[in-house]
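Below is one structure; the comments refer to it alone.
The values are calculated or read from the model by the stated rules, or taken from the named source; none is laboratory data. The model shown is predicted, which means the values in this text are computed figures rather than measured ones. Here Cβ is always computed from backbone atoms with ideal geometry, including for glycine, and neighbour counts include all displayed protein chains. Only protein heavy atoms, including side chains, enter the accessible area calculation; ligands, DNA and RNA are left aside. Shrake-Rupley method; radii C 1.70, N 1.55, O 1.52, S 1.80 Å.
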Amino acid sequence: SVAADGDTPVVAIRADAAAASLVRATGWDVTANPHLRWRWKVDRVVSAADLRTKDGDDFAARVYVMFDYPLERLSWLDRNKLKLARWIYGDQVPAAALCYVWANQTPVGVQTDNAYTDRVKVVVLQNAQGAVGDWVAERRDVLADFRAAFGEEPPPISGIALAADTDQTGERVTAWFGDVAFVE
């Protein structure tokens with residue numbers, strides 16, 4: 001939902017034993033404006049979260065950057081797994097994504113594969129030792145992050161998703177996002 005931070009509108013996302021997200025499709029050229037900036041805050045972290053396991057794959061807040069990755073560049077197995085996922089979940093399932101997260105106890109700076117697929121790279125930006133309850137400004141070089149995660153040049157960005165996720169752990173969390181923009 002839309003909420004207010006003083007006079008500024010922000011997005012509030014509440015997850016109660018569920019995953020909730022707001023997705024915006026875009027054809028952004030990451031080489032022209034490689035930095036993504038935003039601010040976010042959470043009311044709590046997901047206490048049972050563990051990014052290493054499918055059962056713990058929950059986060060107080062996530063910012064997904066999805067890429068229009070050419071299917072022909074995937075292996076036969078990955079291409080068919082993606083086709084199946086898109087058949088089940090819809091065409092919005094990306095072939096490559098960066099997922100910036102507000103984790104639980106995982107140290108800030110950890111970069112790893114998602115528990116479900118190596119086509120989504122998770123980057124921990126905040127955790128329980130961070131400023132829970134306070135706005136935190138972030139700025140990421142998405143171009144450099146993609147190159148480091150996938151070892152190649154990125155295709156255009158196909159979408160951005162703001163999310164809160166507690167479907168695995170059954171917890172409740174609210175995350176707020178504001179001032180999301182690509183900049184030089």
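Summary of values
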quantity: Residues of region 45-62 that turn out to be part of a loop (DSSP other than H, G, I, E, B) and either of a type in the set (K, R) or in contact with a strand residue (DSSP E or B) (Cβ under 8 Å, 6 or more places away or on another chain) (or both), as a count; calculated: 8
quantity: Number of positions in region 130-184 that are open to solvent by less than 20 Å² (accessible area, probe 1.4 Å), among the aromatic types (F, W, Y) and farther than 18 Å from D5 by Cβ; calculated: 1
quantity: Filter result for L82 (among the aliphatic types (A, V, I, L, M), modelled with pLDDT under 90 and surrounded by 15 or more Cβ atoms within 10 Å (Cβ to Cβ)); calculated: yes
quantity: Residue check, V65 touching a helix residue (DSSP H, G or I) at 6+ places or on another chain (Cβ under 7 Å), surrounded by 12 or more Cβ atoms within 10 Å (Cβ to Cβ) and at pLDDT 90 or above; calculated: yes
quantity: Verdict on T26 being β-branched (V, I, T), at negative phi, part of a loop (DSSP other than H, G, I, E, B) and surrounded by fewer than 16 Cβ atoms within 10 Å (Cβ to Cβ); calculated: no
quantity: Region 117-129: number of residues that are open to solvent by less than 70 Å² (accessible area, probe 1.4 Å) and either in contact with a helix residue (DSSP H, G or I) (Cβ under 9 Å, 6 or more places away or on another chain) or more than 25 Å from K54 (Cβ to Cβ) (or both); calculated: 4
quantity: Some residue of region 155-162 being out of contact with any Leu (no Cβ under 8 Å at 6 or more places or on another chain) and either in a loop (DSSP other than H, G, I, E, B) or within 15 Å of R14 (Cβ to Cβ) (or both); calculated: yes
